[in-house]
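Engineer: I have a structure here, written as structure tokens, and I will follow up with some questions on it.
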Amino acid sequence: MSAQAVTIIGLGPMGRTMANVYLDRGYQVTVWNRTASRADELVARGAVLAASAEAAVAANELVILSLTDYDAVYAVLEQAEAALAGRVVVNLSSDTPERARQAAGWLAERGAQHLTGGVQVPPSGLGNPESETFYSGPKDVFEAHREALEVITSADYRGEDPGLAALFYQLQMDMFWTSMLSWLHALAVADAHGISAEELLPYASRTMASLPGFLGFYTPRIDAGEHAGDVDRLAMGVASVDHIVHTTRDAGVDATFPGAVLDVFQRGLTDGYGADSFTSLTKVFRKNAR
Ligand SMILES: NC(=O)c1ccc[n+]([C@@H]2O[C@H](COP(=O)([O-])OP(=O)(O)OC[C@H]3O[C@@H](n4cnc5c(N)ncnc54)[C@H](OP(=O)(O)O)[C@@H]3O)[C@@H](O)[C@H]2O)c1
């Protein structure tokens, strides 16, 4: 086994790009994928296609998983159980924090260490040190493999709890998908009026670029539990979102998305926060939490 050797299991767009990045850096790369043909170009570049998932795990101490979710992780690792002892499994597959904790336990029972990872960039960002990946799990294991992992992206170690990297990843995705969906929704309304995505682009970009200013302003207030209505009032927000719902319906566009936003705002009114900032909606979200 070489220190500059890695196994990559899962050759979707992410895993294939990771394998290429390791090959670029001179690593010995062993790969395995359920659909073997996805390894063809990597093998042509010098990667070794293992004959089985078990052989891929057996080939190197450092085993990187890039699979759709943890159902796929178990589907693969159950074929490789005999080879797991002594391995460091870096799981860059997306799933919930709880499933990451369970997987860490499952691997520990088989003598393997688990590092949870959450890559924050698409394939085009891999191999770039400005890109970042969240990691969590045993710190000594992470530090021992940090250099190899930083071939993929820079590493942001979040802590020992195996769920933390998955949690930070899901927090980012929570914001990403809802923000992107808000953009698609606005595009649908624009399109109903003959306005193209291209025409809206500078305005959409300006709105999205303004968000960090709002985050910076409200963050210390939220952490201090302050939701003063001195800058914005929830009652104003309700009226504003109601206008969006009606503008959407008037355009003949599905209003489910702004309708859900309006529902949350109205629950804030019902709870008595009308004169407070819309940030009091954090209390509405938390109300029914465990
Ligand atoms: N793509 C992105 O932009 C991006 C960005 C950040 C994070 N991520 C995360 O990174 C992970 C990988 O992303 P991706 O885009 O490469 O994912 P993907 O297209 O879903 O491919 C993942 C791999 O999972 C394998 N797989 C799925 N189910 C399986 C099963 N039951 N048994 C064995 N193998 C199975 C697929 O094998 P086959 O080839 O045989 O189908 C494929 O190699 C995901 O968790 C994703 O959420 C993706």
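The values are calculated or read from the model by the stated rules, or taken from the named source; none is laboratory data. Nothing here was measured: the structure is a model prediction, and the numbers come from that model. For neighbour counting, all protein chains shown are included, and Cβ atoms are generated from backbone atoms with ideal geometry for every residue, glycine included.
Engineer: Filter region 21-39 down to residues that are among the charged types (D, E, K, R) and within 12 Å of the ligand (Cβ to nearest atom) and give me whichever is nearest to residue 80 (Cα to Cα).
Structural biologist: Step one: list which residues in region 21-39 are among the charged types (D, E, K, R), which gives 24-25, 34, 38.
Restricting the remaining residues to those that are within 12 Å of the ligand (Cβ to nearest atom) gives 34, 38.
Working: 34: 13, 38: 20 Å.
By that ranking, first place goes to 34.
Engineer: Next question, about the same structure. Testing residue 244 on (1) modelled with pLDDT of 95 or more; (2) surrounded by fewer than 18 Cβ atoms within 10 Å (Cβ to Cβ), one condition comes back false. Which one is that?
Structural biologist: (2)
Engineer: Here's another thing I want to ask about it. So residue 3 clears everything in (1) surrounded by fewer than 21 Cβ atoms within 10 Å (Cβ to Cβ); (2) among the hydrophobic types (A, V, I, L, M, F, W, C); (3) at pLDDT 95 or above except one condition, right? Which one?
Structural biologist: All conditions are met except number (3).
Engineer: Another one. Can you pull out every residue in region 233-284 that is outside any helix (DSSP H, G or I), under 28 Å from residue 195 (Cα atoms) and either charged (D, E, K, R) or in contact with a Gly (Cβ under 8 Å, 6 or more places away or on another chain) (or both)? Please lay out each step first, then the result.
Structural biologist: Taking region 233-284 as the starting set, the residues that turn out to be outside any helix (DSSP H, G or I) are 233, 251-255, 271-277.
Going one step further and asking which of them are under 28 Å from residue 195 (Cα atoms), we end up with 251-255.
Hit for region 233-284 is 254, nothing else.
Engineer: Does region 62-83 hold any residues that are more than 9 Å from the ligand (Cβ to nearest atom) and β-branched (Val, Ile, Thr), and which are they?
Structural biologist: 63, 64, listed by residue number.
Engineer: Name the residue, out of 259, 274, that is touching a residue at least 40 places away in the same chain (Cβ under 8 Å), assigned by TED's automatic domain parsing to the domain that holds residue 184 and surrounded by 12 or more Cβ atoms within 10 Å (Cβ to Cβ). Working first, answer last.
Structural biologist: On the way: 259 fails: touching a residue at least 40 places away in the same chain (Cβ under 8 Å).
The match here is 274.
Engineer: How many of the residues in region 174-210 are surrounded by 11 or more Cβ atoms within 10 Å (Cβ to Cβ) and in contact (Cβ under 8 Å) with a residue 24 or more places away in the chain?
Structural biologist: Qualifying residue count for the region: 9.
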